[in-house]
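*Asks:* Dumping the structure here so I can ask a few things about it.
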Amino acid sequence: MMWYIIYLGNMVRFLLYNNPMKYASYLIVGLLLLGISSCTEIQKAADVITNPSAKEVYARNFEKNDSLFLLWETRFEEAKKDSLQVLLPYAESGIFSEKILFPYSYDLQLREGERLVVEIEKPLDSTQVFIDLFKKSQDTVAPLKLIKSSEIDIPHLSEAITEYGWYKVIIQSGIGERIPFKLKIYTQPTYGFPVSGAGNKNIQSFWADPRDGGSRSHEGVDIFAKRGTPVVAITDGRVSSTGDRGLGGKQVWLRDGLFGKTMYYAHLDSIATTTGKRVKQGDTLGFVGNTGNARTTAPHLHFGIYKTASGAINPLPYIKRTDLPEISWENTMIKGSVKRNTTLQKAPISGFETIATLKKGDTVAVLGKHEAWLHVRTKDLIKGFIQERFVNELPSN
C-alpha cells in the first residue's frame, strides 16, 4: 500500500508541473481512487482485529435506517423467542422467500461429546445464508448465549458440544432473493470408535447400568468383539499409563491433549503400547479380552472417559455413530389453505405439544417441509408444524 502512495504522489507532481490545467481532473480521480482503496485496506485491517461475523459484514451493505433491513433484523430477534423443537437427525426442504424475511429457528437437545453439524444446500452464487448457534439457559428470561456463527459465504456450521442442554439454531437468508434450499441438522461423535471394525451394535452394556447387585453403577460402556480384536486410539494423544491391575485387568489410559480428557481401555487380552508413547487416532493400543473381573464374561472392551474435575462421564455421545439425514422430498409450496380444523404443533411429531388451533380456510405461509409435515407461519406470525395432508396449495401471489 505504501509503495502505491509514493508512486502516485510522484506521478501527480510530474503531471502538474508539465500541464496543471490538463491533468487536474486526473488528479481528482486518482485521489478518489486512493481514498477508496485506503478505506478498503483500513477496513480489512480492522476486521483482522475485530473478527466481525458474516452477518455484521453483510449489514455494511445497508443504511442504518433502511426499513427492509430493520425488519430483517427485527425478524431475527423475534426468532430467538420461538420454541419449535426438532429431533436429530433433521432435514427440511423449502424456499427462502424474498418477501417473508422470516428466519428458521429450532430448539435441540444436545449432549456433551456430540458435534453438531448444520448444512444448507442452495444454488451457487445465490444470496448469503447465516447460521447462528445459541445455548439456552434454564432461566427462561435469561438471554441466549451465542456459541458460534457461520463464516462469510459458508452455509455450514460445525461445533463440538461441551455441555448438555438445550440449544437454538437460527438460520436466516439474505434480503431480496427467492431461492430453494435443503437443510440438514445432525450430530457426529467427537471421537473415533475404540474397537476396530465394530460399531454401535457391539455396545451391549451402557453407562449407569447396575453392577454388583446395584451397589455401584457402570462408569462406561462395554463393547463386545472377538478376542484379539484390535482396540485403537480414538484421538491423537499420549499413553499416560498401562498395566495389569484391579478390576480392569490389563488396561491402557490415553490422555487427550486437545480436550483434556483421559480414555480408559480395560479387560484387554494384551497391551500393544507403552507408557509415555505418543499415538495417532487409529493406532492399536491393545486387543480385546476379558482380564480382571471380566473373566466370567465374553471378551469385550470396557471403555470409559474421565474428566479431571468431574471424574467419569458418559462416553456414549463421544463415540456413537450417527446416521446422516437424507431428503427424499422437495417442497415447492409457498402459500397454503387449511382444509379442516386442526392443530399447529411445536414439533413434527404426531401428538406433540399444540401451539395454536387452525380453522378450515385459514391461510398459512409455507416455510418448508419435513417428511409429511409442513413448517408454516400463520397470519398471526406464529410458526409451527402441520401435516401436509391438511393443506391445499394456493398461488403465491
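*Asks:* Whole-Hz ³J(HN,Hα) for each residue in the stretch 144-152, computed from phi via Karplus 6.51 cos²θ - 1.76 cosθ + 1.60 with θ = phi - 60°, x for glycine and proline: what do you get?
*Replies:* 5, 9, 5, 9, 6, 10, 5, 8, 4
*Asks:* Could you list which residues have their amide H under 5 Å from that of residue 161, counting only those 5 or more apart in sequence or on another chain, with H placed in the peptide plane?
*Replies:* HN-HN under 5 Å from residue 161: 113, 114, 115, 116.
*Asks:* Mind ordering 185-192, 376-383 by average Cβ neighbours within 10 Å, highest first?
*Replies:* 185-192, 376-383
*Asks:* Here is a further query. At q = 0.14, 0.17, 0.28, 0.33 Å⁻¹, work out log10 I(q)/I(0) for the stretch 86-135 with the Debye formula, treating every Cα as an identical point scatterer and leaving solvent out; two decimals please.
*Replies:* Log10 I(q)/I(0), no solvent term: -0.47, -0.67, -1.48, -1.72.
*Asks:* Turning to a different aspect of this structure: Give the value in nm², to one decimal: projected area of the alpha carbon convex hull of the stretch 334-397, averaged over all directions.
*Replies:* With every direction weighted equally, the projected area is 3.8 nm².
*Asks:* Report the far tail of the P(r) of the stretch 224-285, meaning the percent of Cα-Cα pairs longer than 14 Å.
*Replies:* 50 percent
*Asks:* As an exercise, identify the trypsin sites (Lys or Arg not before Pro) in the stretch 73-167 lying in DSSP coil whose Cβ has no more than 13 other Cβ atoms within 10 Å.
*Replies:* 81, 99
*Asks:* Which ³J(HN,Hα) values, rounded to whole Hz and listed in residue order, are derived for the stretch 247-252 from phi using the Karplus coefficients 6.51, -1.76 and 1.60 in 6.51 cos²θ - 1.76 cosθ + 1.60 with θ = phi - 60°, glycine and proline given as x?
*Replies:* 5, x, x, 6, 8, 9
*Asks:* Run through the stretch 54-90 and list the chymotrypsin sites (Phe, Trp or Tyr not before Pro) located in a DSSP loop whose Cβ has at most 15 other Cβ atoms within 10 Å.
*Replies:* Of the chymotrypsin sites (Phe, Trp or Tyr not before Pro), the ones in loops of the stretch 54-90 whose Cβ has at most 15 other Cβ atoms within 10 Å are 62.
*Asks:* Something else: Listed highest first by mean packing, meaning other Cβ atoms within 10 Å per residue, what order do 126-134, 325-333, 267-275 come in? Working shown, then result.
*Replies:* Numbers: 126-134: 20.8, 325-333: 14.3, 267-275: 17.3.
So the peptides 126-134, 325-333, 267-275, ranked by packing, come out 126-134, 267-275, 325-333.
*Asks:* When you count, for each residue, the other Cβ atoms within 10 Å and take the mean per peptide, how do 197-207, 343-353 rank with the highest first?
*Replies:* Peptide ranking by packing, descending: 343-353, 197-207.
*Asks:* From the P(r) of the stretch 155-299, could you give the percentage of C-alpha pairs in the tail past 18 Å?
*Replies:* 65 percent
*Asks:* Which length gain, in nm to one decimal place, applies between residue 278 and residue 146 when the Cα-Cα distance is subtracted from 0.36 nm times their residue separation?
*Replies:* Separation in residues times 0.36 nm, less the Cα-Cα distance, equals 44.0 nm.
*Asks:* Skipping prolines and chain starts, which residues have an amide H placed within reach, meaning under 5 Å, of the one on residue 391, given they are 5 or more residues away or on another chain?
*Replies:* Residues meeting the criterion, in which the H sits 1.01 Å from N, are 339.
*Asks:* Report the paramagnetic label zone for residue 139: residues of the stretch 157-176 whose backbone N is under 17 Å from a point 7 Å from Cα along the Cα-to-Cβ axis.
*Replies:* From the stretch 157-176, the list is 166.
*Asks:* Sticking with this one: Given a 1.4 Å probe and every protein chain left where it sits, what share in percent of the accessible area of the stretch 152-269 is carbon and sulfur?
*Replies:* 49 percent
*Asks:* Same structure again: Using DSSP to call loops (not H, G, I, E or B), can you name the GluC sites (Glu not before Pro) in the stretch 129-227 whose Cβ has at most 10 other Cβ atoms within 10 angstrom?
*Replies:* In loop regions of the stretch 129-227 (DSSP not H, G, I, E or B), the sparsely surrounded GluC sites (Glu not before Pro) are 163.
The values are calculated or read from the model by the stated rules, or taken from the named source; none is laboratory data. Since we're looking at a predicted model, the values are computed, not measured. For neighbour counting, all protein chains shown are included, and Cβ atoms are generated from backbone atoms with ideal geometry for every residue, glycine included. For the accessible areas, the whole protein counts, side chains as well, though only heavy atoms, and no ligand, DNA or RNA atoms are used. Shrake-Rupley method; radii C 1.70, N 1.55, O 1.52, S 1.80 Å.
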